[in-house]
Structures are given as structure tokens and as C-alpha cells.
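The block underneath contains the structure these notes are about, expressed in C-alpha cells.
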Amino acid sequence: MTNINTTAIALPHNPTTGKLYSAKNTETLLCAGFEDPRWAGFRQWSNSGRKIVKGSKATKIIKVITVKGKDGAPKKGKDGKPATRIRSISLFNFSQTEAMPETVNA
């Protein structure tokens, strides 16, 4: 029996949604040089009681979104398929955040 040493790599994920990022975005986030696998946007960190450390630089990923009409239904392209767009998303790693100070109600 062969004993194989393996190192588990925690994949980049969003701690507020619990979702993993796509393969290409995972590659981008792993290459950003952070050991912590938790990534989220500015508002998500803020809503979680964390703030971005001053001077931190966001890491950009891409997301394909479906274009929706005023009624909320997906718009159709010329080929009849749902119309899509590519959107740039700015993420910060958990290590680029710190806990928000407690606010004192006077």
C-alpha cells in the first residue's frame, strides 16, 4: 500500500453566500497571494461587521450576468438565447479586513 502525502487546498469561496468561485476566478484569487480562502465584496464585508483595511487593493474577477428587462424577465438576444454581459467584480480577502469598532450609543 502506498502512502501519498497530499495537502488540502481550501478553495476561494464567499463566506456570506457559501459559494465557491468559478474555475477561472479561483485561479485569479489563488494567484493573488493570500493564504485565507475567504473573499467577498466591500458591502458584503461591511454587512458582516468587517471593514477594509486602509490602502488595501481589490482583486478583480469577472462574472457573467443575464440582462433583464424592466419587467425582470431575461432579455433575448438576436439568436433567441438570454442576453448576457460580463461584469467586473472587486473582491477583498479576509486578511484585508478588520473588525469594525463597537459603536457606543450616547
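Any idea which residue in the stretch 55-106 is surrounded by the fewest Cβ atoms within 10 Å (Cβ to Cβ), counting only those that are among the small types (G, A, S) and farther than 30 Å from A10 by Cβ?
A106
Table: residues versus (1) at pLDDT below 95; (2) surrounded by 13 or more Cβ atoms within 10 Å (Cβ to Cβ).
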residue	(1), (2)
N3	yes, no
A23	no, no
C31	no, no
R38	no, yes
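Scan the stretch 52-71 and report the pairs whose first residue is touching a residue at least 24 places away in the same chain (Cβ under 8 Å) and β-branched (V, I, T) and whose second residue is loosely packed, with under 10 Cβ neighbours inside 10 Å and in a strand (DSSP E or B), with Cβ atoms within less than 8 Å and a gap of 6+ or a chain change.
I61/S88; I62/I86; I62/S88
Looking only at the stretch 72-106, filter to residues that are at pLDDT below 90 and among the β-branched types (V, I, T); which one of those is nearest to T28 (Cα to Cα)?
T103
Residues that are in contact with a helix residue (DSSP H, G or I) (Cβ under 9 Å, 6 or more places away or on another chain): list the strands (runs of 3 or more DSSP E) wholly contained in the stretch 18-106 that include at least 2 such residues.
Qualifying strands (runs of 3 or more DSSP E): 50-52, 59-66, 84-93.
Does A32 fit the bill of being of a type outside the set (S, T, N, Q) and free of Cβ contacts under 8 Å to residues at least 60 places away in the same chain?
Against the criterion (of a type outside the set (S, T, N, Q) and free of Cβ contacts under 8 Å to residues at least 60 places away in the same chain), A32 does not qualify.
From the set of residues in the stretch 53-71 that are modelled with pLDDT of 95 or more and among the polar types (S, T, N, Q), which is nearest to the chain's Cα centre (by Cα)?
T59
The values are calculated or read from the model by the stated rules, or taken from the named source; none is laboratory data. Nothing here was measured: the structure is a model prediction, and the numbers come from that model. Counting neighbours? That spans all protein chains shown, and the Cβs are built from the backbone with ideal geometry, glycine included.
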